[in-house]
Each structure stands twice: as C-alpha cells, then as structure tokens.
Amino acid sequence: MFRVGDVQIAAPVFLAPMSGVTDAPFRREADRFGAPAVVTEMVAGAELARETEEFVRRAVPHNGSGPFIVQLAGRDPEWMRIGAELSEAAGADIIDINMGCPARKVTGGQSGCALMREPGLARQLIAATVAGTKRPVTVKMRLGWDDASLNAPEIARIAEGEGAQMVTVHGRTRVQFYTGQANWARIAAVVEAIDLPVIANGDIESGESAREAMKQSGAAGVMIGRGAEGRPWRLAEISNAVFGTPYREPTREEKLTSILDQISGCVALYGERLGVRVVRKHIAAFVDAWCEDNGLPPMAETRVALCRMEAPAALQDALVAALTNRRDAA
C-alpha cells in the first residue's frame, strides 16, 4: 500500500492529468478496471472559483473506489488557495499543482511549466495551496524549461519545504513538448534531492517500460499518460505487472461495454451535442487500440465515419457493429 499524506493508494500507479482526456467518464472507466489512482484534467483555480462551466465539469468526481485527485493550475497564489478550498469542499482527497504543462496557451499565460522559471512564485503558489486545504498537496513538473535550466531538483526542494507530499516529474523539458524520448535517468536527481516519494512520467506504456523508468530514476512509482488513451485498463495492467495488485485481463466484450458506457457518460456530463463531440477522441483511440490488440488491420475509414456521427444511440450501435464484425472476421 502506497501513501500520499494520509491517503492510502493500492499502488503508486497514476493516470496522468490530460486536458480533453481525463474527464470524469474516462476516469470512471480506468477506476472500474482497477487503476490505483486517477487525476482530473487541469483546472484553473480562478475559473473554478467563478464556477465557469467548463472548469466545474473538469473537476467532477469520478465516484470510483480510488482517490479523487484534482489538479489545479494558475499563477495567482490567492486563487490557488481558493481553488484548494473549493476542491476539498467538493470531496478531493489529494490536490495536485500543475507546473509541468507545456501547452502554449498555458505557458503563454505564465502558468504550467513556465512557473519553473520563477522559483519564488512557485514557492508562493505551493505555500498558498497547502494553506488552503487540509488534504495532501502534490506537485507535477518537468525536468525544466530547457536543457540549460534543468531545475526540477530545486523546485522539488521548494515543494518539500512548503509542505507538499509527493512530486511527479515528466522526463522531458518544456521545449521538448512530447518529442524525442523521456529521459528517466534525469529524474534521479530529483529523487536524490528530496525525501518525498517521486513519481516518474513520460513514455510509460507497459509493465516493462514502467520497471525501466523506475530503475533508471529510482522513482517510487509511475504516472501513465498517452499510453492509457483508448485503453483505460492499462493502469491496472501495469500496476499488476510492477506491484502485483489484483488484475484480470478484460474480455473484448467488457472493453466494448466500457467505450459504450463512456459515450453515455459523456452525453450525461456535457449534453448530447457536446458529449458526442467530446467522446470522439476516445472513440478514435479505442478503435486503434482494438485493432492493434486483436491483430486487425487499421480501420481508418470506419473510425472517421464513427467520429462524424451526431446521435449517441446510433453511434453506439454503429460502433458495436463495426468492431464485432471485424472481430468475427478475424
């Protein structure tokens, strides 16, 4: 059993916060398959306080068996404090601070990974978030802004000094975005710099890569991002391979039921028109994963056709027909 502050987690295997991906329906499916811990999309503290609909939806609980972890973003300490208060009031078990997002619309506003270039402000934000909640606070970051400023150990020491309970490090710089390979060995400097548990992130898609990331970094666990898209069961699979937590490979019928439930969940959360549009990226990823896992050739035309449909019931029927027919043909 792994602990973050007073929160017990079955194993240190986390679903990464991904904008447009880790909404409540997707987190719910990952949890249902046995993911030890899942994290919300990035939520701007100020927008949460203003009850902006988009950001309130991002922080909707998945109501699963694992902890409810909300990731906050921003550069104003007061709004981060308020965001922490609101997240705790909404039932958050853990509150994570985003200091790793490389997206231009985030770093352009001097948030996300841009905060790594302002250690003084980073300190204020962490201190304010910790002051706003009795729940454990964690920090997610990258190695640094670029190769000339690999200051993750410094930011991690600041986080530890201000009361954070865990640090996650993506093994790339902001300048890299998602190009090249994650450098897990560079995370070792963060592990050596602090006494907190460190979680390795970046290019982890299997039990083998998770073990290698932990070996090279010395990290206590892993965070899975893009490797889980289309495969919400991937977290439990990796957790079982690395930490021996219970896992049963889902059947193809269970996987298909999962994506159908995700469509229904998105419609319930966003409304019919927006829900169908939001779930399209999940359908595309699921179809690709289905073909790969079942040894089938890609279904590019079918995937495009499915992602153009507007009616949820018709979409679900077409998805079942397409995948079942291809499976039986195989």
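A few points about this structure:
- Within region 171-190, residues that are in the same structural domain as residue 154 (by TED's automatic domain parsing) and under 14 Å from residue 145 (Cβ atoms) have Cβ atoms under 9 Å from residues that are crowded, with 19+ Cβ neighbours inside 10 Å and among the basic types (Lys, Arg) in these pairs: 172/142; 173/142; 174/142; 176/142, counting only partners at least 6 apart in sequence or on another chain.
- Taking the numbered list (1) under 21 Å from residue 292 (Cβ atoms); (2) within 21 Å of the chain's Cα centre (by Cα) in turn, residue 253 passes all entries but (2).
- Any chance residue 293 is outside the structural domain of residue 237 (by TED's automatic domain parsing), in contact with a helix residue (DSSP H, G or I) (Cβ under 9 Å, 6 or more places away or on another chain) and farther than 27 Å from residue 52 by Cα: yes
- Scanning region 75-97 for residues that are buried (at least 23 other Cβ atoms within 10 Å of the Cβ) and aliphatic (A, V, I, L, M) yields 80, 84, 92, 94, 95, 97.
- Residues that are in contact with a strand residue (DSSP E or B) (Cβ under 7 Å, 6 or more places away or on another chain) and either of a type in the set (Ser, Thr, Tyr) or more than 19 Å from residue 285 (Cβ to Cβ) (or both), drawn from region 214-241: 214, 217, 219, 220, 221, 222, 239
- Options 27, 58, 32; residue that is within 14 Å of the chain's Cα centre (by Cα), of a type in the set (Lys, Arg) and under 26 Å from residue 256 (Cβ atoms): 27
- Being in a strand (DSSP E or B) and either touching a helix residue (DSSP H, G or I) at 6+ places or on another chain (Cβ under 7 Å) or touching a residue at least 40 places away in the same chain (Cβ under 8 Å) (or both) is a property that residue 71 has.
- Only one of the listed residues (318, 322) is within 30 Å of residue 61 (Cα to Cα), assigned to a helix (DSSP H, G or I) and in contact (Cβ under 8 Å) with a residue 12 or more places away in the chain. That residue is 318.
- For region 205-216, the criterion of being touching a residue at least 40 places away in the same chain (Cβ under 8 Å), within 24 Å of residue 291 (Cα to Cα) and either surrounded by 21 or more Cβ atoms within 10 Å (Cβ to Cβ) or under 17 Å from the mean Cα position of the chain (by Cα) (or both) is met by at least one residue.
- Total residues in region 262-290 satisfying the condition of being of a type in the set (D, E, K, R) and in contact with a Lys or Arg (Cβ under 8 Å, 6 or more places away or on another chain): the figure is 1.
- Among the residues listed as 276, 222, the single one being crowded, with 20+ Cβ neighbours inside 10 Å, part of a helix (DSSP H, G or I) and not polar (S, T, N, Q): 276
Let's see how each residue does on (1) touching a Lys or Arg at 6+ places or on another chain (Cβ under 7 Å); (2) among the β-branched types (Val, Ile, Thr); (3) surrounded by fewer than 23 Cβ atoms within 10 Å (Cβ to Cβ); (4) modelled with pLDDT of 90 or more:
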residue: 27; (1), (2), (3), (4): no, no, no, yes
residue: 48; (1), (2), (3), (4): no, no, no, no
residue: 64; (1), (2), (3), (4): yes, no, yes, no
residue: 99; (1), (2), (3), (4): yes, no, no, yes
residue: 114; (1), (2), (3), (4): no, no, yes, yes
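The values are calculated or read from the model by the stated rules, or taken from the named source; none is laboratory data. None of the values given here were measured: they were computed from a predicted structure. We place every Cβ from the backbone using ideal geometry, glycine too, and count neighbours over all the protein chains shown.
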